[in-house]
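Enquirer: Sharing a structure here in structure tokens format.
The values are calculated or read from the model by the stated rules, or taken from the named source; none is laboratory data. Fair warning: this is a prediction, and the values are worked out from it, not measured in the lab. Cβ atoms come from the backbone with ideal geometry, glycine included; neighbour counts cover every protein chain shown.
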Amino acid sequence: MSKELYIYVTHKDGAPDDSASELIAAAGKIDPDASVTAIVAGSGDNVDTVCQTIVASGSTVFKIVNEALAYPNAEIIRKVLVNILPTDAIILISHDTFGMDLGPGLSIKLDAAFVSDVIDFEGAEGDNLKIIRQEFSGQVYTHVLCDISAGAVINIRPGAFKADENLTGKGKVIDKSGDASDLTSGRRFLEVVEAEAGEVDITAEDVLISVGRGIEDEDNMEIIFDLAKVMGGEVSCSRPIVDAKWLEKSRQVGTSGQTVKPKVYLALGISGSFQHLGGLKGAPFVVAVNKNANAPIFQAADVGVVADILDFIPELTEKISEIN
Amino acid sequence: MTTALISPAQAWVFFIPTWIFSLLIPVIGMAVFTYIIVLRLAPLFRAAPDQRTDQPLKRIGNVLKLWLVQYRQPRYMLAGVLHIMIFAGFLILAMRSMSMVLIGLSEDFVLPGLGGEFGHFYTIFKDYAATMVLAACIIAAIRRVFIKPARYAVPAKYGHDHTAEAVFVLGLISILMLSESLFEATAMVAETQTGSQAAFAAPLTLVWFFKLMLLNASISALQSMHLIAYYVHDLTFFFFLCFLPLGKHFHVITSVLNVYFMRMQKGTIKPVRWGVSDEQLDDLESFGVKKLEDFTWKHLLDFYSCADCGRCSDQCPANAAGRPLSPRFISIKGRDLIFKTYPLKTGKIHNSEPLIGSIYEEDEIWSCTTCGACEQECPLGIEYIDKIVDLRRGLVEDGDVPQSLQKPLRALEKRGNPYGKMERKRADWSKAKEFKKDCQVKVLDKKTSADTLYFVDSITSYDDRMQQIGQATARVLQAAGIDFGILGKAEKDSGNEIRRFGEEMLFQEMRTQNTEAILKANANLIITADPHALNALKNDYQGLPPVKHISEIIAQSLANGSLQLKPVEDTGKVYTYHDPCYLGRHNDLYDAPRMVIDALEGVQRVEMAKFRDRSFCCGGGGLMLFYEPEEDERMGVLRVRMADDAGADVIVTACPFCLANIEDAIKVAGMEGRMEVIDLAELVDRHLV
Amino acid sequence: MEILVCVKRVPDPAENEIELNSAGNDIEQDDLVYSVNEWDNYAVEEAIQIVDKIGGSVTVASVGDEDAEEVVRREMAMGADKGLLLSDDAFENSDGKGIATILKAAVEKGNYDVIFTGALADDGAAQIGGMLAAMLDWPYASLVNVIEADDSKTIKVGREIEGGNQEMNDIDLPCVLSIQTGINEPRYVGIRGIRKVASVEIPQLGASDLGIDPDTVGAKGAKVKRVDYFMPELGEGAEILEGSTDEIIAELVERLKAKGGIK
């Protein structure tokens, strides 16, 4: 394997996104010996702060600074990347809402292969990279062969690769700002409309009692609040609960909701899709209660109970309130 | 005949002979009345067709029972008795009122048959009737104005209160009674004073009171009062006649027709359009009711006939639970829309707007569980379920189906069950290891046959909890020595709720597939433990073997000794039976399940406040389980509280949906541990010898 | 506004249990039932609502074999004006780029202002819309959950981004948008609706009709190929607490206390 590996780094307020180190780990899984070049685009001084953080882990950084990049508009960044990347390059992008916007179109412009939502690599067969991904909302896994002879754009599932926290080194920053031209697009960013702030801020809670589809009915939500009360925690939920309008959006944990870092996380009647688990950071102690013993949540949990939450939770609440 | 007073037919006022008034009032009155009625009839002629002329004898029977005898009125005792008093009085006074009109033209007029002895007797009789009506009107007015029964209240969203109209009409009736009596009393007093032979005034009647009051009045005063009373009566009479079709008192005229044309068969749903066969349905331009004239003429007649008594809504479980549905206002809003679309003032008919979004809301229409409590209660045979289903048919065709119902409907189309589970797993409940040890269930096909077919239906086939009902039913059938089998994967959802949720074509698809599979199984009898399946197979399907509910089979097996039960296990518990709507109200099966429970030696059984044909729906079955209504409280919770109030610890039901709803409700009501629910088949299974 | 919506026929997870076959290398195909991809259904509804509001027409296109006609018809029953079936043996086993190539050819045969795709489908790749836009050189926005369209040459779209926030953009026409679920409430399509459009002719276009070089699509043109389906050996996963409910609760309470979960 002699391909050049690139990662695209998203960042906010001068700090690279968690996904950056995961992408480095993913690149390492493709080719442990390859040097990885990180691409950081943006405007203002924050870009340098981000670059320094990345350089400290040993990677080389391509830096592109331009007023037009103040907000990461995938349509403009695609143009930047097409100008900067060599042909045949492999670029890894986090499969988040930005990566979904960028990856597919970029692959066409680079005339490279595209694979999205990758969860693992299993080596290579000649010019073909052997990739693992999932279909049917994670119900089955597939092996995919990807012909990388003309380069590839690979979108990596957030959280699928474990970042190596001990990476050190001294990479260098190369300013590629001059290579970026025509930074206009038929799509113009206007503003971000923040989700309505709810009464609670689940991102600051140490104990979260999270409820999913297993609650079955809005009227049953009471048992979750009762438990949260005796445990001194706050109630959060998975997406179906918000879709059903049983709880406000601000309580939703997951990639399309809040990212939380509690110490203890109770997943009650939550099957455990990666989109949900994507919102769970900081390695909390996870307890899963689900009546389906095969629910993926049990893979992610520390302790599991196979039970119907409608029966189990009231009893648990009673026991805890006895102790209190 | 010479009388002491000059009659309205002979009198003169300011050089005008009063007979001119006696002629003009009825002529103008009848002209106005005819104009109103023609305009009221117009929408009926523009409405969808209906078939209501079959079984005339049975229909006449209904008229005698519901209209003449007012059979359903005493279900609400005080209001019912008052109504019967006024209604009976009206019938008795009808002949007198007609004579009164004609007396104004010819003072000697006597209705044929009212001469002689009978006429004398009738006079006394109608005098008492008039007095009774006045008394009833006074009590009714006091009740409406001061006692204000809750069911007459009009929630703000449905407009203003209706008390004024009600009291106004009571006033009109009172004026009729008083003026008629005064007219007669003045004549009598005058006769007495002039020494001619006075007619007899029955004691304690209005006439009798007036006679006492006027004994010393002068002849001229009597003469004036006589004439005034006559024309007050005449005017009021024709005013009242023309006023009736303007509001809820139209029922005075339409009720007899409404009862004659009322629906004759229970448990069914009207076809999409009368006179259009299932094969021709594809040619129909539009399905269901979308605008006013899409209703059938009988359904519009229903709107006219609603007396606004509020009994339907008082019994409606959706209304009780705070859902946005009140059957009373389905009628009142419909009636008011007819009045608006066919205005009397201009006589110009307006174009009809879509009903949904103008007078009805989608949530209102989806809130109905089709439990039938409203129709069971209506004293004059107004229908609601067919209207709701017709409105839903319109919504379904336009794609306006709540998201929560779309998934199960799609799954039904693809898989024949609302859960989207695989067809081949439909009989999995019968293959569970523990169960299979003692009970083998045959799957009927060309090679395997049985005398009886057990139709399981979707919820019992697939729901973890309800599979136990299936297993219990199978064990009970086995114990009763019945040779039975199931259809397995060839069985589809019976479609009871698919039809009632307005997806007629999907229902017909299910019916076709089931009918084929059932006939292929070649059984002599079909039994089911699911009342929704029972209702569909019995009333919505054609050409099947007889269909019976498991409770009938158990009752029969207990009676002939083929099944024996142990004494009740837990003698300390008090049992109550919850009538499933589709077993009770829609199929008249009330006694068999009670007999089965009572067959357990030592069992204590109580009835809840609402039972048999007044049973309170648990929350609805079939697709209703998927619908997410707006409501203050679950119906099931209200029902569980009723059981608690009756002092019961165990609710026995005979329907998997009731079991599901009540089991849930017990949890929501926080009554776990002190209230339980069990299916009848499970109860019997537990007590098999 | 002329709108083309690209739809895919997929096994709907709500009505199927996706399992591996006995050989363990493919999903069990027996008993699978198919419907239109959920995201695509939202896209069609959105297109119909826009056309109802500002005029124009909705065309629904699907790449697939003859079975795909069923979903095109369903979306026409929903209210789409025209259907297109893009079908050819040469299209079989196309990768995402191959599908986008076929769709691009179909787009160029028409005169569309906007192309909708679903944000993702059964394979979870979320790729077709972005690829198609890049091929056409039209602007693109993914995960669109609000559209404000009028008669101007620009429309306003909102994208669903992290944290439940919404990223608002102006986008020039013509453009490609991938539609996220929840953007609307799709209407119900009953059997009667499908029967009403049962006899409507749905044109079928193959590689030569579209002017596509067969070598650029299908298995031949695919750079990305699915080799098999499998279920991994499950890792250790959670420690499952066993015993009576009381025992489980006692154990769980201990653990929660130890981790600071009970204050």
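Enquirer: Go through the residues of the range C:29-41 one by one and say whether even a single one is away from chain B (no Cβ under 12 Å), in a helix (DSSP H, G or I), buried (at least 16 other Cβ atoms within 10 Å of the Cβ) and on the phi < 0 side of the Ramachandran plot.
Expert: Filtering the range C:29-41 for residues away from chain B (no Cβ under 12 Å) gives C:29, C:37, C:39-40.
Now restrict to residues that are in a helix (DSSP H, G or I): C:39-40.
Going one step further and asking which of them are buried (at least 16 other Cβ atoms within 10 Å of the Cβ), we end up with C:39-40.
This time we only want the ones that are on the phi < 0 side of the Ramachandran plot, so: C:39-40.
Looking through the range C:29-41, at least one residue is away from chain B (no Cβ under 12 Å), in a helix (DSSP H, G or I), buried (at least 16 other Cβ atoms within 10 Å of the Cβ) and on the phi < 0 side of the Ramachandran plot.
Enquirer: Determine which single condition A:ASN166 fails, assuming it passes every other condition in (1) in contact (Cβ under 8 Å) with a residue 12 or more places away in the chain; (2) in the same structural domain as A:GLU22 (by TED's automatic domain parsing).
Expert: Going through the list (1) in contact (Cβ under 8 Å) with a residue 12 or more places away in the chain; (2) in the same structural domain as A:GLU22 (by TED's automatic domain parsing), A:ASN166 breaks only (1).
Enquirer: Another question, then. Under 6 Å by Cβ, and 6 or more places apart or on different chains, what pairs join a residue from the range A:48-61 that is in contact (Cβ under 8 Å) with a residue 24 or more places away in the chain with one that is among the charged types (D, E, K, R)?
Expert: Matching pairs, first to second residue: A:CYS51/A:LYS63; A:THR60/A:LYS172.
Enquirer: Does A:LYS291 satisfy the condition of being free of Cβ contacts under 8 Å to residues at least 12 places away in the same chain and either surrounded by 21 or more Cβ atoms within 10 Å (Cβ to Cβ) or over 22 Å from the mean Cα position of the chain (by Cα) (or both)? So that I can check it myself, show each step before the final result.
Expert: Working: free of Cβ contacts under 8 Å to residues at least 12 places away in the same chain: no; either surrounded by 21 or more Cβ atoms within 10 Å (Cβ to Cβ) or over 22 Å from the mean Cα position of the chain (by Cα) (or both): yes.
Against the criterion (free of Cβ contacts under 8 Å to residues at least 12 places away in the same chain and either surrounded by 21 or more Cβ atoms within 10 Å (Cβ to Cβ) or over 22 Å from the mean Cα position of the chain (by Cα) (or both)), A:LYS291 does not qualify.
Enquirer: Of all residues in the range B:66-87, which are assigned to a helix (DSSP H, G or I) and crowded, with 17+ Cβ neighbours inside 10 Å? Working first, answer last.
Expert: Going residue by residue through the range B:66-87, those that are assigned to a helix (DSSP H, G or I) are B:66-68, B:73-75, B:77-87.
Passing the criteria: B:LEU66, B:TRP67, B:GLN73, B:ALA79, B:GLY80, B:LEU82, B:HIS83, B:MET85, B:ILE86, B:PHE87.
Enquirer: Within the range B:660-677, can you find the residues that are touching a strand residue (DSSP E or B) at 6+ places or on another chain (Cβ under 6 Å) and within 18 Å of B:GLU569 (Cβ to Cβ)? Steps first, please.
Expert: As a first pass, look at the range B:660-677 and keep what is touching a strand residue (DSSP E or B) at 6+ places or on another chain (Cβ under 6 Å): B:662-663, B:676-677.
Answer for the range B:660-677, where residues must be touching a strand residue (DSSP E or B) at 6+ places or on another chain (Cβ under 6 Å) and within 18 Å of B:GLU569 (Cβ to Cβ): B:GLU676, B:VAL677.
Enquirer: Separate question: Sort out which residues of the range A:308-318 are of a type outside the set (S, T, N, Q) and buried (at least 17 other Cβ atoms within 10 Å of the Cβ), and write them in order of number.
Expert: Of the residues in the range A:308-318, the ones of a type outside the set (S, T, N, Q) are A:308-316, A:318.
Scanning the range A:308-318 gives A:ILE309, A:LEU310, A:PHE312, A:ILE313, A:PRO314, A:LEU316.
Enquirer: Of all residues in the range A:195-207 being at pLDDT 85 or above and assigned to a loop (DSSP other than H, G, I, E, B), which is surrounded by the most Cβ atoms within 10 Å (Cβ to Cβ)?
Expert: Within the range A:195-207, the match that is surrounded by the most Cβ atoms within 10 Å (Cβ to Cβ) is A:GLU205.
Enquirer: Which of the residues that make up the range B:323-339 are closer than 16 Å to B:CYS378 by Cα and not β-branched (Val, Ile, Thr)? Give the steps one after another, and end with the answer.
Expert: The first filter runs over the range B:323-339 and keeps only residues closer than 16 Å to B:CYS378 by Cα, leaving B:326-332.
B:SER326, B:PRO327, B:ARG328, B:PHE329, B:SER331 - these are the residues of the range B:323-339 that are closer than 16 Å to B:CYS378 by Cα and not β-branched (Val, Ile, Thr).
Enquirer: Also: Every residue in the range C:155-179 that is under 20 Å from A:GLN258 (Cα atoms) and at pLDDT 95 or above, please. I'd like the intermediate steps shown before the answer.
Expert: Looking only at the range C:155-179, we keep the residues that are under 20 Å from A:GLN258 (Cα atoms), and these are C:158-168.
The answer is C:GLY158, C:ARG159, C:GLU167, C:MET168.
Enquirer: Among the residues of the range B:492-513, how many are in a helix (DSSP H, G or I), touching a residue at least 24 places away in the same chain (Cβ under 8 Å) and over 13 Å from B:ARG393 (Cα atoms)? Step through it out loud before you land on a result.
Expert: Pass one, the range B:492-513, residues in a helix (DSSP H, G or I): B:496-500, B:504-513.
Filter once more, keeping what is touching a residue at least 24 places away in the same chain (Cβ under 8 Å): B:496-500, B:504-511, B:513.
Now drop any that are not over 13 Å from B:ARG393 (Cα atoms), which leaves B:496, B:508-511, B:513.
Final tally of qualifying residues: 6.
Enquirer: Still on this structure, please answer the following. Can you tell me which residue within the range A:204-214, out of those that are within 12 Å of another protein chain (Cβ to nearest Cβ) and among the hydrophobic types (A, V, I, L, M, F, W, C), is nearest to A:LEU310 (Cα to Cα)?
Expert: A:ILE209
Enquirer: Just to be sure I understand, how many residues within the range B:401-413 are at pLDDT 95 or above and not in a helix (DSSP H, G or I)?
Expert: Within the range B:401-413, residues that are at pLDDT 95 or above and not in a helix (DSSP H, G or I) number 1.
Enquirer: Continuing with the same structure: Tell me, which residue of the range B:253-275 that is outside any loop (DSSP other than H, G, I, E, B) and crowded, with 20+ Cβ neighbours inside 10 Å is farthest from the chain's Cα centre (by Cα)? Lay out the reasoning, then the answer.
Expert: Just the residues of the range B:253-275 that are outside any loop (DSSP other than H, G, I, E, B), to begin with: B:253-260.
Keeping just the survivors that are crowded, with 20+ Cβ neighbours inside 10 Å gives B:254-255, B:258-259.
On the way: B:THR254: 16, B:SER255: 13, B:ASN258: 12, B:VAL259: 11 Å.
Of everything passing the filter in the range B:253-275, B:THR254 is farthest from the chain's Cα centre (by Cα).
Enquirer: Also, quick follow-up: With respect to the numbered conditions (1) in contact (Cβ under 8 Å) with a residue 24 or more places away in the chain; (2) in contact with a helix residue (DSSP H, G or I) (Cβ under 8 Å, 6 or more places away or on another chain); (3) crowded, with 23+ Cβ neighbours inside 10 Å, which one is the sole condition not fulfilled by A:LYS109?
Expert: Tallying (1) in contact (Cβ under 8 Å) with a residue 24 or more places away in the chain; (2) in contact with a helix residue (DSSP H, G or I) (Cβ under 8 Å, 6 or more places away or on another chain); (3) crowded, with 23+ Cβ neighbours inside 10 Å, A:LYS109 fails exactly one: (3).
Enquirer: Which of the numbered conditions does C:ALA23 fail, given that it passes all the others? Conditions: (1) crowded, with 19+ Cβ neighbours inside 10 Å; (2) over 21 Å from the mean Cα position of the chain (by Cα); (3) hydrophobic (A, V, I, L, M, F, W, C).
Expert: The single condition C:ALA23 does not satisfy is (1).
One line per residue, one yes/no per condition, for (1) touching an Asp or Glu at 6+ places or on another chain (Cβ under 8 Å); (2) surrounded by 21 or more Cβ atoms within 10 Å (Cβ to Cβ); (3) at negative phi; (4) of a type in the set (Lys, Arg):
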| position | (1), (2), (3), (4) |
| --- | --- |
| B:LYS148 | no, no, no, yes |
| B:ALA156 | no, no, yes, no |
| B:ALA164 | no, no, yes, no |
| B:THR186 | no, yes, yes, no |
| B:ALA190 | no, yes, yes, no |
| B:SER196 | no, no, yes, no |
| B:LEU215 | no, no, yes, no |
| B:HIS233 | yes, yes, yes, no |
| B:PHE240 | no, no, yes, no |
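Enquirer: Still on this structure, please answer the following. Of the conditions (1) within 9 Å of another protein chain (Cβ to nearest Cβ); (2) closer than 23 Å to A:GLY99 by Cβ; (3) in contact with a Leu (Cβ under 9 Å, 6 or more places away or on another chain), A:LYS261 clears all except one; give me its number.
Expert: (1)
Enquirer: Note down all Cβ pairs under 7 Å where the first residue falls in the range C:166-189 and is within 14 Å of chain B (Cβ to nearest Cβ), the second is surrounded by fewer than 22 Cβ atoms within 10 Å (Cβ to Cβ) and assigned to a strand (DSSP E or B), and they're at least six residues apart or on different chains.
Expert: C:GLY182/C:ASN145; C:ILE183/C:ASN145; C:ILE183/C:VAL146
Enquirer: Sticking with this one: Filter the range A:224-254 down to residues that are of a type outside the set (D, E, K, R), within 14 Å of chain C (Cβ to nearest Cβ) and within 21 Å of B:GLU633 (Cα to Cα), then give me how many there are.
Expert: Number satisfying all stated conditions: 3.
Enquirer: From the list B:ASP400, B:ASP363, B:ASP386, pick out the single residue that is touching a strand residue (DSSP E or B) at 6+ places or on another chain (Cβ under 9 Å) and over 30 Å from B:VAL69 (Cα atoms).
Expert: B:ASP400
Enquirer: C:VAL144 passes all but one of (1) in contact with a Gly (Cβ under 8 Å, 6 or more places away or on another chain); (2) surrounded by 17 or more Cβ atoms within 10 Å (Cβ to Cβ); (3) more than 8 Å from every other protein chain (Cβ to nearest Cβ); (4) in contact (Cβ under 8 Å) with a residue 60 or more places away in the chain; which number fails?
Expert: So the condition that C:VAL144 fails would be (4).
Enquirer: Can you confirm whether the range B:663-676 contains a residue that is in a helix (DSSP H, G or I) and touching a residue at least 60 places away in the same chain (Cβ under 8 Å)?
Expert: Initial filter on the range B:663-676 (in a helix (DSSP H, G or I)): B:663-668.
Checking which are touching a residue at least 60 places away in the same chain (Cβ under 8 Å) leaves us with B:663.
Within the range B:663-676, one or more residues are in a helix (DSSP H, G or I) and touching a residue at least 60 places away in the same chain (Cβ under 8 Å).
Enquirer: Which one of A:ASP182, A:ASP226 is part of a helix (DSSP H, G or I) and of a type in the set (D, E, K, R)? Talk me through it step by step, then tell me what you get.
Expert: Details: A:ASP182 fails: part of a helix (DSSP H, G or I).
Of A:ASP182, A:ASP226, the one residue that is part of a helix (DSSP H, G or I) and of a type in the set (D, E, K, R) is A:ASP226.
Enquirer: I need a count of the residues in the range A:100-145 that are within 9 Å of chain C (Cβ to nearest Cβ) and assigned to a helix (DSSP H, G or I).
Expert: The total comes to 10.
Enquirer: Provide a single number: the residues in the range C:47-67 that are crowded, with 17+ Cβ neighbours inside 10 Å and away from chain B (no Cβ under 14 Å). Before you say what the answer is, go through the steps one by one.
Expert: Looking only at the range C:47-67, we keep the residues that are crowded, with 17+ Cβ neighbours inside 10 Å, and these are C:47-51, C:56, C:58-64.
Subsequent filtering for residues that are away from chain B (no Cβ under 14 Å) retains C:47, C:50-51, C:56, C:58-64.
Qualifying residue count for the region: 11.
Enquirer: So, in the range C:190-229, of the ones that are of a type outside the set (A, V, I, L, M) and within 14 Å of chain B (Cβ to nearest Cβ), which residue ends up surrounded by the most Cβ atoms within 10 Å (Cβ to Cβ)? If you could, list the steps in order and put the result at the bottom.
Expert: First, pick out the residues of the range C:190-229 that are of a type outside the set (A, V, I, L, M): C:190, C:192-193, C:195-196, C:199, C:201, C:203-204, C:206, C:208-209, C:211, C:213-216, C:218, C:220-221, C:223, C:225-226, C:228-229.
After this cut, where a residue has to be within 14 Å of chain B (Cβ to nearest Cβ) as well, the list is C:190, C:192-193, C:195-196, C:199.
On the way: C:GLY190: 25, C:ARG192: 21, C:GLY193: 23, C:ARG195: 14, C:LYS196: 14, C:SER199: 6.
Among them, the one singled out is C:GLY190.
Enquirer: So which residues in the range A:50-74 are in a helix (DSSP H, G or I) and surrounded by fewer than 17 Cβ atoms within 10 Å (Cβ to Cβ)? Break it down stepwise before answering.
Expert: To start, the set of residues in the range A:50-74 that are in a helix (DSSP H, G or I) comprises A:50-55, A:67-69, A:74.
The answer is A:GLN52, A:GLU67.
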